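Working notes for the structure below.
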Amino acid sequence: MKKASFLFVLALLASSLSAQIITDKTSKAFTVGFDIYNDFLTQTPDDYDSRTINQGFNVFGTYNFALGKSAHTFSLGVGIRSQNFYSNTLIGDMTADTVKFVPITNNYKRSKINLVYLDFPAELRFRLDNKWKVGIGFKLGVVIDSKSKYVGDATAVGPRVYEKSKRLNSLEQYTFGPTLRLGYKWISLYAYYQPARVFQRDLGPEFYPLSVGITLAPF
């Protein structure tokens, strides 16, 4: 998550600097934005207890095609999405093709999996009075990174360890789902639902994330 957070801050600073030299005409053609959200899992295994807060973020840029002479646009772009799923479980065998989450019996501070996707969003954006905005869209995601992290006791009597494993098995390579934004000027409410499975059928649990948060798009 530290690497993902660094990329987020770097993208924010770069966008802030570039915004100072972008013309009004160009700013209407390009949009750079940030989604900050919480992920809810609409379906989980019986022994999987998800944490209430599963923070994630998305950085995106789009090119906006004007629809005639109206203020409405059709936008295409690219983005990076990072999702975190915290729980009371660990992946039982990281080398097995079948991914099974088992409850943690030791004292622990944190256990999570992190998934990073390269997204390709498309969105119809409707503007009212050039202030209120409604965006109805769809995006395709391609998994580019994954990891699990555990901070807790190694056994029932300790010691405390920090474990990190890369490249989770049996992830679906592609994800997709609809997006919705309702906003005023540069801030919007944001929602994304993923009907595509996170893990491959019969090789992992059924996870269907629902992301709800805000979008900041000052540029």
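The values are calculated or read from the model by the stated rules, or taken from the named source; none is laboratory data. Just so you know, these numbers come straight off a predicted model, no measurement behind them. When we count neighbours, we look across all protein chains shown, and the Cβ atoms used for this are built from the backbone with ideal geometry, even at glycine.
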Restricting to region 136-178, name every residue that is small (G, A, S) and either in contact (Cβ under 8 Å) with a residue 60 or more places away in the chain or touching a strand residue (DSSP E or B) at 6+ places or on another chain (Cβ under 7 Å) (or both). G137, G141, S146, S148, G152, A154, S165, S170, G177
Need pairs with beta-carbon distance below 7 Å; first residue small (G, A, S) and within region 37-60, second part of a loop (DSSP other than H, G, I, E, B) and crowded, with 16+ Cβ neighbours inside 10 Å; sequence gap 6+ or separate chains. S50/T44
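Taking into account only those residues within region 185-196 that are of a type outside the set (A, V, I, L, M) and at pLDDT 95 or above, which is farthest from the chain's Cα centre (by Cα)?
Across region 185-196, the extreme among qualifying residues is S188.
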If I ask for residues that are charged (D, E, K, R) and closer than 16 Å to E206 by Cα, which ones from region 86-111 would you list? D97, K100
Unmet requirement for P195, which otherwise passes all of (1) over 21 Å from L124 (Cβ atoms); (2) without any contact (Cβ under 8 Å) to a residue 24 or more places away in the chain: (1)
Of all residues making up region 142-174, the number that are closer than 30 Å to S75 by Cβ and either assigned to a loop (DSSP other than H, G, I, E, B) or touching a Pro at 6+ places or on another chain (Cβ under 9 Å) (or both): 2
Can we say I104 is at pLDDT below 95 and within 22 Å of P209 (Cβ to Cβ)? yes
Collect the residues in region 116-135 that are without any contact (Cβ under 8 Å) to a residue 24 or more places away in the chain and in a strand (DSSP E or B), keeping them in residue-number order. L128
With respect to R167, is the statement that it is exposed (fewer than 15 other Cβ atoms within 10 Å of the Cβ) and among the basic types (K, R) true? yes
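Quick one: count up the residues across region 123-165 that are of a type in the set (D, E, K, R) and under 16 Å from the mean Cα position of the chain (by Cα).
Qualifying residue count, region 123-165: 3.
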Can you work out which of the residues in region 37-53 that are out of contact with any Leu (no Cβ under 8 Å at 6 or more places or on another chain) and among the polar types (S, T, N, Q) is nearest to I144 (Cα to Cα)? N38
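One line per residue, one yes/no per condition, for (1) farther than 26 Å from I104 by Cβ; (2) surrounded by fewer than 18 Cβ atoms within 10 Å (Cβ to Cβ); (3) in contact with an Asp or Glu (Cβ under 8 Å, 6 or more places away or on another chain); (4) aliphatic (A, V, I, L, M):
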{"residue": "G137", "(1), (2), (3), (4)": "yes, no, yes, no"}
{"residue": "L140", "(1), (2), (3), (4)": "yes, yes, yes, yes"}
{"residue": "A154", "(1), (2), (3), (4)": "no, yes, no, yes"}
{"residue": "R160", "(1), (2), (3), (4)": "no, yes, yes, no"}
{"residue": "T179", "(1), (2), (3), (4)": "yes, no, yes, no"}
{"residue": "Y184", "(1), (2), (3), (4)": "yes, yes, no, no"}
{"residue": "Y193", "(1), (2), (3), (4)": "yes, yes, no, no"}
{"residue": "Q200", "(1), (2), (3), (4)": "no, yes, yes, no"}
{"residue": "I214", "(1), (2), (3), (4)": "yes, yes, yes, yes"}
